[in-house]
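The values are calculated or read from the model by the stated rules, or taken from the named source; none is laboratory data. This is a predicted model, so every value here is computed, not measured. Counting neighbours? That spans all protein chains shown, and the Cβs are built from the backbone with ideal geometry, glycine included. Remember, those area values only see protein heavy atoms, side chains included, never the ligands or the DNA or RNA. Shrake-Rupley method; radii C 1.70, N 1.55, O 1.52, S 1.80 Å.
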Amino acid sequence: FSLPDTKLITTFADKRSKVRYVQGMNEIVGTLYFVLAHDANQDWANEAEADTYFLFNSLMVEMRDVFVPDLDEADTGIHGRISNMISLLSLHDPEVRCHLDNVGIDPSFYSVRWLTTLLSREFLLPDTIRLWDSMFASTHKDNFLRYVSVTMVMVIRDQLLRGDFSTCLRVLQAYPPTNLDRLLESSRALWIYESQITLACHKGGIGLGQALRSITPPPAIIMAYGLRGGVAPQIGEQVRQAGERGLAA
């Protein structure tokens, strides 16, 4: 820790006895402090330490359940949030989800750190700041983080599908450099497309297959509903593929 990190987290921990310290909190504090201390307005920069504590405390109030052991199994606790993230991955990229299960990668091996540190340990500082700009602007930070995390897995899906336990674990715990703007665009595209498909099914009264064939997915999508690019084959193509599978059997 640097001195400001230590003082701020110690003060916070003293006042929040039920919230446990998680390794990486210092990186959240450090990122906040860096941005505030480098404000172009020197008067504001001089108040960086106090402002950092205020923002960190506000952020931890929102995230409190993640750090309270008694709430681990609640939807808002760490296990609940991991479960929601993996459910989203299973919906949109079941192939990768199954592969990770088969090679023995438990979601907690990587997602605990991703979710508790707001991905601050996965990217370089400029990219973390860019990511947080979008996250803090979102009205649903939990949802934003969930879709970004799932998209991160899909971005490296080819590496994961080729990998064994050690390879997958290494890639997930030391996330490779990526184009953050494209990552955010893909994440947002996935959320928009899923919302459109859900609306068509629930309000329009049509089946999932028809909805997927009727609505053109945004070009930034990597995977959606188990389909590369979210593009569903037309009925004729589905019949042909089914026939080929029958012959092969």
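Among residues of segment 51-80 that are among the acidic types (Asp, Glu), those with a Cβ under 8 angstrom from a residue that is assigned to a loop (DSSP other than H, G, I, E, B) and open to solvent by less than 40 Å² (accessible area, probe 1.4 Å), sequence gap 6+ or separate chain, pair up as 65/74; 65/77. When segment 84-94 is filtered for residues that are out of contact with any Leu (no Cβ under 7 Å at 6 or more places or on another chain), touching a residue at least 12 places away in the same chain (Cβ under 8 Å) and assigned to a helix (DSSP H, G or I), the ones remaining, listed by number, are 84, 85, 86, 88, 89, 91, 94.
Among residues belonging to segment 142-197 that are in a helix (DSSP H, G or I) and of a type in the set (Phe, Trp, Tyr), point out the one that is farthest from the chain's Cα centre (by Cα). Talk me through it step by step, then tell me what you get.
First, pick out the residues of segment 142-197 that are in a helix (DSSP H, G or I): 142-155, 157-162, 165-173, 180-197.
Narrowing the set further to residues that are of a type in the set (Phe, Trp, Tyr) leaves 144, 147, 165, 191, 193.
Details: 144: 7, 147: 5, 165: 21, 191: 12, 193: 17 Å.
Once the filter is applied, the top-ranked residue is 165.
Taking the listed residues 142, 93, 75, 133, the one that is under 21 Å from residue 167 (Cβ atoms) and of a type in the set (Asp, Glu) is 93, with no other qualifying. From the list 69, 94, which one is within 24 Å of residue 158 (Cα to Cα), open to solvent by 10 Å² or more (accessible area, probe 1.4 Å) and out of contact with any helix residue (DSSP H, G or I) (no Cβ under 7 Å at 6 or more places or on another chain)? That would be 94, the only listed residue that is within 24 Å of residue 158 (Cα to Cα), open to solvent by 10 Å² or more (accessible area, probe 1.4 Å) and out of contact with any helix residue (DSSP H, G or I) (no Cβ under 7 Å at 6 or more places or on another chain).
Evaluate the following for residue 111: is it small (Gly, Ala, Ser) and under 11 Å from the mean Cα position of the chain (by Cα)? Break it down into steps so the answer makes sense when it comes.
Values: small (Gly, Ala, Ser): yes; under 11 Å from the mean Cα position of the chain (by Cα): yes.
In short, yes.
Can you find even one residue in segment 174-193 that is modelled with pLDDT of 95 or more, surrounded by 13 or more Cβ atoms within 10 Å (Cβ to Cβ) and more than 28 Å from residue 217 (Cα to Cα)? No, segment 174-193 has no match at all. The residue of segment 108-133 that is surrounded by the fewest Cβ atoms within 10 Å (Cβ to Cβ), among those that are among the hydroxyl-bearing types (Ser, Thr, Tyr) and within 19 Å of residue 85 (Cα to Cα), is 108.
Condition check: among the small types (Gly, Ala, Ser), under 24 Å from residue 161 (Cα atoms) and out of contact with any Lys or Arg (no Cβ under 6 Å at 6 or more places or on another chain). Does residue 120 satisfy that? Talk me through it step by step, then tell me what you get.
Details: among the small types (Gly, Ala, Ser): yes; under 24 Å from residue 161 (Cα atoms): no; out of contact with any Lys or Arg (no Cβ under 6 Å at 6 or more places or on another chain): yes.
When the stated conditions are applied, residue 120 does not pass them.
Checking each residue in segment 194-206 for being more than 15 Å from residue 93 (Cα to Cα) and open to solvent by less than 40 Å² (accessible area, probe 1.4 Å) picks out 197, 200, 201.
For residue 156, the stated conditions hold: it is surrounded by 17 or more Cβ atoms within 10 Å (Cβ to Cβ) and without any contact (Cβ under 8 Å) to a residue 24 or more places away in the chain.
Among the residues of segment 162-185, how many are small (Gly, Ala, Ser) and touching a Pro at 6+ places or on another chain (Cβ under 9 Å)? Talk me through it step by step, then tell me what you get.
Taking segment 162-185 and keeping what is small (Gly, Ala, Ser), we get 163, 166, 174.
Within this subset, residues satisfying the condition of being touching a Pro at 6+ places or on another chain (Cβ under 9 Å) are none.
Of the residues in segment 162-185, 0 are small (Gly, Ala, Ser) and touching a Pro at 6+ places or on another chain (Cβ under 9 Å).
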